[in-house]
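The values are calculated or read from the model by the stated rules, or taken from the named source; none is laboratory data. All figures in this text were calculated on a predicted structure; none of them were measured in a lab. In this analysis, Cβ positions are derived from the backbone assuming ideal geometry, glycine residues included, and neighbour counts consider all displayed protein chains.
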Amino acid sequence: MTSRHNIWFAWAGLCLGLSLAAFAQETPVAPPSIPEVPQNRAPQGQAGQPGPKPTDDRRQPGTTSGANGPGEPVSSSSYKIGAADVLNIHVWNEAEFSGPQMVHEDGMFTLPLVGDLKAGAMTPVQVEEEVTKALGKYVRQPLVTVTVQQVGSKRYYMDGMIARAGEYPLVVPTTILEAVSKAGGLQPFANGKKIYVLRGTTQIKFNYKDVVHGRHMEQNIELKPGDHVVVP
């Protein structure tokens, strides 16, 4: 009996040990706790540095996304409008009165629903006043802006042995030397001593080499509309 009892106790002990081992393997182990991050804390970058600031894509007043449009700036208070100039008429919140308008040979331009208005020999500021008065019967307190979109009335011409021959807008006061520079300079075999300005039937001599060396600067006159700078 003693031998049988010993065998039975050994067998019972073995079964109990196996049961405890199996129970230990099946029991899930709780993961390590993760510290809670406060919700109001700003995101951090590397090494504890502040993260990047959010970008603001809103454009600042007075800025543009690209380069300005072609052409020279036109002074709204001093530029005298002429035939073939293109005006940009803008009436705030009134699309039917807004848009580009070309000045006719008689110095007039046509505003929809209003009719012909004068612009020749006037500045853009003066035209704004005329348009504002004319719109008084159609729009209550109209806000009008007039700008010169394209200069067609005042041009000069570069001819002959010049890098970029052609016509150029005469928007701001321009001397002969400035005109040569704007046209890219003289071609390699140009005769810089024999340049002249053809103004109607009159030839005005211009010695490029003298002027660029600071001599006889009285030759470097300002151009007038219709002048031809001829480079032989």
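Worth a mention:
- G214 meets all of the listed conditions (1) in a loop (DSSP other than H, G, I, E, B); (2) without any contact (Cβ under 8 Å) to a residue 12 or more places away in the chain; (3) at negative phi but one, namely (3).
- Residue check for Q101: in a strand (DSSP E or B) and closer than 30 Å to G200 by Cβ: no
- Residue within region 127-136 that is among the aliphatic types (A, V, I, L, M), more than 26 Å from the chain's Cα centre (by Cα) and surrounded by fewer than 20 Cβ atoms within 10 Å (Cβ to Cβ) present: yes
- Among the criteria (1) within 16 Å of R155 (Cα to Cα); (2) of a type in the set (A, V, I, L, M, F, W, C); (3) surrounded by 14 or more Cβ atoms within 10 Å (Cβ to Cβ), the one A121 does not fulfil is (3).
- Residues being of a type in the set (A, V, I, L, M), assigned by TED's automatic domain parsing to the domain that holds V211 and at pLDDT below 95 are represented in region 161-171 by at least one member.
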